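I have placed the structure first, in the form of structure tokens, so that the comments after it can refer back to it.
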Amino acid sequence: MEITLKKTDITLRDKILKISGEDFNKCYQCGMCTSGCPVADEMDIMPNQVNMMLMLGQFEELLNSQTIWICVACFECGARCPHNIDLAKINEALREIKIRENIDLFNIWETASTGEFPTIALVASFRKFTS
Ligand code: SF4
Ligand code: SF4
């Protein structure tokens, strides 16, 4: 299930900033985050590239990437970043947006059958729905 943003969805940048609380516009692409990320080898978009793509407005590519699910929220990137940009929070914000816009809680089993979401995302959504 590929995400296709509506042309009117010009607030996504603000949404990511608001949910994460992190200003990705401060990134100057030093690469310290990527060099310290323990799972960068498994990602299809490197941590520093996430910020670059956010600054360029390439939201769809990010929301459809594997990187946002592979990040283990270890906070190493934020600890190494000279601007204290916490990519764990940015990846979490991207995951939240993807889940909210694509998981139909009234049709959770159909969503699960697409294989687009990791089990943990489905279980978390299911818990919210049933609690
Ligand atoms: S460490 Fe910080 S400034 Fe450097 S590339 Fe990563 S997010 Fe950008
Ligand atoms: S929080 Fe995510 S992006 Fe940052 S170093 Fe850890 S795994 Fe990599």
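Only the coordinates and a few stated rules stand behind these numbers; no lab work does. The shown structure was predicted, so the numbers you read here are calculated from the model rather than taken from an experiment. Counting neighbours? That spans all protein chains shown, and the Cβs are built from the backbone with ideal geometry, glycine included.
With contributions of -39500 (n - 2.57) from each DSSP H run of at least four residues, the per-residue ellipticity at 222 nm computed over the chain stands at -14500 deg cm²/dmol.
Sorting the Cα pairs of the chain by distance into bins of 10 Å, from 0 upward, gives 12, 43, 33, 11, 1 percent per bin.
Just subtract the alpha-carbon distance of Glu116 and Asn25 from 0.36 nm times their residue separation and send over the number in nm, one decimal.
Numbers: separation 91, 0.36 × 91 = 32.76 nm, distance 2.92 nm.
Separation in residues times 0.36 nm, less the Cα-Cα distance, equals 29.8 nm.
Cys residues of the chain that find no other Cys beta carbon under 4.7 Å: Cys27, Cys30, Cys37, Cys71, Cys74, Cys81.
Each of the trypsin sites (Lys or Arg not before Pro) that DSSP puts in a loop and that has at most 15 other Cβ atoms within 10 Å breaks the chain; the longest unbroken stretch is 8-131.
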